[in-house]
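One structure is given below, encoded as structure tokens.
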Amino acid sequence: MNNPYINLVSNQHDIELFDIIHPKFRAQISRFGGHLLSFIPTNDSDWLWLSSTAQMDGTKPIRGGVPLCWPWFGPAPQDFSGEPQHGYIRSVHWQLDLIEGNDADLTIKLKPENATELEAKLGLSVCIEFNFSESLRINLVTQNVSDKEVPLSQAIHTYFRVKNIDDLLIKGLDSTEYADKLTGKTQIQDGAVDITEAVDRVYQTNTQNLTFHNGACELNVIGKNHDSIVVWNPWQEKAKDMADFDDDGYQTMICIEMANTQGLKLAPGKRHTLKQIIKKTD
Ligand code: BG6
């Protein structure tokens, strides 16, 4: 790797991280999980939340940043019963496929080290593309490399940092139907989303543009090629129950995830790119 902006460093558990220092931003990506840990635009604070108790030794998915759920979102489907929640790729090591860019922006493409094994098992190939500048673009690219139709569900499971959850309003989901995973009921969103208790919702929508204020600036979260948007905050009790989640962390985070959960199927040879773009509002 020979790029003036990127250094390969190791954390205290010998997990390798791409440490990126660029005129427009600073970012870190863990090779375990292909997991973006932080994104700090120049003269701004981190847009991402990372638990200080996250397990960073490669024994479990990292709590915070941007985990990637693939090739399923949530519990494993019947054919894969017993396999991990949210799929495989947040627990595998990734390798660099491409770096390109200049002082204006930087693109980094990663592929799983065990790509051949995943392709043989699933009939799907996967890669991640990050594009960084004053904004952040994440593409989760899947290709059906088999000769039959393959089901796919997935999410870009971004943990955003917010100054105070009590002040958070997520705009753009008014009147949208959602599956409330905590009650099992289907509901309709009334106005902006505010979080005053545990929330685990799958909004059934391909709405492209949400906004919220993180306490420092207003952010746009733009999705493409999704059929759902997931909003998750575990709140106090569940946060305490999770060893890798700061007890009071629920006060300063919100997950807003672009996802496919509604039965997407990829035809043989077909390529699909799930996108999440995060930028300051104009
Ligand atoms: C959310 C799900 O996307 O991820 C929640 O909707 C889940 O149900 C949460 O609890 C965290 O999942 P995990 O596997 O990282 O603990």
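Run down ASP244, ASP282 and say which single residue is away from the ligand (no atom under 16 Å from the Cβ), among the acidic types (Asp, Glu), under 22 Å from VAL162 (Cα atoms) and assigned to a loop (DSSP other than H, G, I, E, B).
When all the criteria are applied, what remains is ASP282.
Out of all the residues in segment 33-49, which are assigned to a strand (DSSP E or B) and within 17 Å of MET253 (Cβ to Cβ)?
Correct list: HIS35, LEU36, LEU37, SER38, PHE39, ILE40, LEU48.
Out of curiosity, is ALA76 surrounded by 15 or more Cβ atoms within 10 Å (Cβ to Cβ), under 21 Å from ASN144 (Cα atoms), of a type in the set (A, V, I, L, M) and modelled with pLDDT of 95 or more?
Yes; evaluated as a whole, the condition is true for this residue.
Could you grab me the full set of residues in segment 112-133 that are hydroxyl-bearing (Ser, Thr, Tyr) and without any contact (Cβ under 8 Å) to a residue 60 or more places away in the chain?
The answer is THR116, SER125.
Considering only segment 171-185, state which residues are within 15 Å of the ligand (Cβ to nearest atom) and not in a loop (DSSP other than H, G, I, E, B).
TYR178, ALA179, ASP180
Filter segment 182-225 down to residues that are farther than 22 Å from THR281 by Cα and more than 19 Å from the chain's Cα centre (by Cα), then give me how many there are.
Of the residues in that region, 12 qualify.
Mind checking which residues of segment 102-123 are part of a strand (DSSP E or B) and surrounded by fewer than 20 Cβ atoms within 10 Å (Cβ to Cβ)?
THR107, LYS109, LYS111
Only one of these is touching a residue at least 24 places away in the same chain (Cβ under 8 Å) and within 16 Å of the ligand (Cβ to nearest atom): GLN251, GLN262. Name it.
GLN262
Here is a list: ILE128, ILE165. Which entry is β-branched (Val, Ile, Thr), more than 16 Å from the chain's Cα centre (by Cα) and buried (at least 17 other Cβ atoms within 10 Å of the Cβ)?
ILE165
Among the residues of segment 96-103, is there at least one that is within 19 Å of the chain's Cα centre (by Cα) and either away from the ligand (no atom under 16 Å from the Cβ) or not aliphatic (A, V, I, L, M) (or both)?
Yes, that holds for at least one residue.
Residue by residue through segment 78-95, note down the ones that are on the phi > 0 side of the Ramachandran plot and more than 15 Å from the chain's Cα centre (by Cα).
GLY82 - this is the single residue of segment 78-95 that is on the phi > 0 side of the Ramachandran plot and more than 15 Å from the chain's Cα centre (by Cα).
Pick out the one residue from LEU124, LEU106, LEU173 that is among the aliphatic types (A, V, I, L, M) and closer than 19 Å to VAL221 by Cβ.
The conditions single out LEU173.
So which residues in segment 233-274 are within 14 Å of the chain's Cα centre (by Cα) and either surrounded by fewer than 19 Cβ atoms within 10 Å (Cβ to Cβ) or more than 28 Å from LYS171 (Cβ to Cβ) (or both), if there are any at all?
The answer is THR273, and nothing else.
Just the residues that are crowded, with 19+ Cβ neighbours inside 10 Å and either within 11 Å of the ligand (Cβ to nearest atom) or of a type in the set (A, V, I, L, M) (or both), please, taken from segment 79-91.
HIS86, GLY87, ILE89, ARG90
Name the residues in segment 63-73 that are farther than 14 Å from PRO151 by Cα and more than 9 Å from the ligand (Cβ to nearest atom), would you?
Within segment 63-73, GLY64, GLY65, VAL66, LEU68 meet the criteria.
For residues in segment 196-211 being β-branched (Val, Ile, Thr) and within 14 Å of the ligand (Cβ to nearest atom), which is surrounded by the fewest Cβ atoms within 10 Å (Cβ to Cβ)?
Checking each candidate, the answer is VAL199.
The values are calculated or read from the model by the stated rules, or taken from the named source; none is laboratory data. Bear in mind that the values here come from a model prediction, so they are computed numbers and not experimental data. Reconstructed Cβ throughout: ideal geometry from the backbone, glycine too, with neighbour counts over all protein chains shown.
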